[in-house]
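> Take a look at this one; I'll ask things after.
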Amino acid sequence: MGIQLDQVVLWGRCLEEYQRMFALSEADLQKSLLDCGGGPASFTAEATLQGCSVIACDPVYAFSAAAIAPRIEAACDLIMPQVRQNADAYVWQSIADPNALETVRMAAMRQFLTDLPAGKAAGRYVEGSVLDLPFPDGQFDLALSSHFLLSYSTKLGLDFHLEAVRELCRVARAVRIFPLLTVSGERSPWVDAIATHIAQLGRKSTIVTVDYEFQKGGNQMLKIT
């Protein structure tokens, strides 16, 4: 059993993890990218420094860095004790132990906070909901959803997921969702229904095993083309 969360929390990951979670090639990084539900990930900040075209979209970007920072600290206080109590639910390889995890995650989120003011001014952090994305049809080559869709399947129902996938397919020519597990480590009950819905939208979906596993069994993404 992994961690238990009653609500979506602010918890972010770095560029290197995104590259592995989503099997992002160098060619992928040259595309126009959307990090949907990006939260406090440093992916957008780091990728922008490398010359990539990335926009992150999340309701939390309505707030300032000063307002978001305490919410990140609160998330850390909620998540890390549970990770330590359930350490055997995770694969400690690229990240050695819970202390290293806290260091890596907090470093990524601090980089996000540092980038947020200039990033909002530049338009790379956009306030918006996955159910009503503030972008025109087909604006992006590739949309990414990290640890939001499917992760919170016990809190966000099937209808929410189907509408979200439909909206992602509207704004992006391809979509990748990682992982297929809930935050507590079970396979999301919505995967098969989403695959059926994707076919009805005229898209193709495949489940791809990637070179990344932190949650045990969490090494697959849903790829929509």
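The values are calculated or read from the model by the stated rules, or taken from the named source; none is laboratory data. Please read these numbers as outputs of a predicted model, since none were measured by experiment. Don't worry about glycine lacking a Cβ; one is built from the backbone with ideal geometry, like all the others, and counts go over all protein chains shown. All accessible areas refer to the heavy atoms of the entire protein, side chains included, with ligands and DNA or RNA removed. Shrake-Rupley method; radii C 1.70, N 1.55, O 1.52, S 1.80 Å.
> Give the number of residues within segment 13-40 that are part of a loop (DSSP other than H, G, I, E, B), touching a residue at least 24 places away in the same chain (Cβ under 8 Å) and out of contact with any His (no Cβ under 9 Å at 6 or more places or on another chain).
The number of residues fulfilling the criteria is 6.
> Determine whether CYS36 is open to solvent by 10 Å² or more (accessible area, probe 1.4 Å) and under 24 Å from LEU150 (Cα atoms).
For CYS36, the condition - open to solvent by 10 Å² or more (accessible area, probe 1.4 Å) and under 24 Å from LEU150 (Cα atoms) - is not met.
> Which number in (1) open to solvent by less than 40 Å² (accessible area, probe 1.4 Å); (2) on the phi > 0 side of the Ramachandran plot marks the one condition that GLU17 misses?
(2)
> Would you check which residues across segment 166-200 are closer than 23 Å to ASP28 by Cα and either assigned to a loop (DSSP other than H, G, I, E, B) or acidic (Asp, Glu) (or both) and list them?
Matches in segment 166-200: GLU167, PRO179, LEU180.
> Just checking, does segment 119-140 include any residue being open to solvent by 30 Å² or more (accessible area, probe 1.4 Å), under 14 Å from the mean Cα position of the chain (by Cα) and closer than 30 Å to GLN93 by Cα?
So far as segment 119-140 goes, no, none of its residues is open to solvent by 30 Å² or more (accessible area, probe 1.4 Å), under 14 Å from the mean Cα position of the chain (by Cα) and closer than 30 Å to GLN93 by Cα.
> Just to check your reading of the model, which residue among TYR212, TYR152 is open to solvent by less than 20 Å² (accessible area, probe 1.4 Å) and over 24 Å from PRO59 (Cβ atoms)?
TYR212
> Taking into account only those residues within segment 75-115 that are among the small types (Gly, Ala, Ser) and over 19 Å from the mean Cα position of the chain (by Cα), which is most open to solvent (accessible area, probe 1.4 Å)?
Only one residue tops the list, namely ALA96.
> May I pose another question? Can you name the residue in segment 54-70 that is under 17 Å from the mean Cα position of the chain (by Cα) and of a type outside the set (Val, Ile, Thr) and is also surrounded by the fewest Cβ atoms within 10 Å (Cβ to Cβ) among such residues?
In this case the residue turns out to be PRO59.
A quick yes/no check of all residues on (1) closer than 22 Å to ASP88 by Cβ; (2) open to solvent by less than 10 Å² (accessible area, probe 1.4 Å); (3) touching a strand residue (DSSP E or B) at 6+ places or on another chain (Cβ under 7 Å):
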{"site": "LEU144", "(1), (2), (3)": "no, yes, yes"}
{"site": "PHE148", "(1), (2), (3)": "no, no, no"}
{"site": "ALA164", "(1), (2), (3)": "no, yes, no"}
{"site": "ARG170", "(1), (2), (3)": "no, no, no"}
{"site": "ALA174", "(1), (2), (3)": "no, no, yes"}
{"site": "ILE198", "(1), (2), (3)": "no, yes, yes"}
{"site": "LEU201", "(1), (2), (3)": "no, no, no"}
{"site": "LYS216", "(1), (2), (3)": "yes, no, yes"}
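> Kindly establish whether ALA193 is over 26 Å from GLN4 (Cα atoms), without any contact (Cβ under 8 Å) to a residue 40 or more places away in the chain, open to solvent by 30 Å² or more (accessible area, probe 1.4 Å) and of a type in the set (Gly, Ala, Ser).
no
> Of all residues in segment 103-143, how many are without any contact (Cβ under 8 Å) to a residue 40 or more places away in the chain, of a type outside the set (Gly, Ala, Ser) and farther than 17 Å from GLY39 by Cβ?
So the count comes out to 4.
> Only one of THR114, THR154 is touching a Ser or Thr at 6+ places or on another chain (Cβ under 7 Å) and either modelled with pLDDT under 95 or more than 29 Å from VAL191 (Cβ to Cβ) (or both). Can you tell me which?
One residue alone meets the criteria, THR154.
> Also: Among (1) open to solvent by less than 20 Å² (accessible area, probe 1.4 Å); (2) in contact with a Phe, Trp or Tyr (Cβ under 9 Å, 6 or more places away or on another chain), there is one condition VAL183 misses while meeting the rest; what is its number?
(1)
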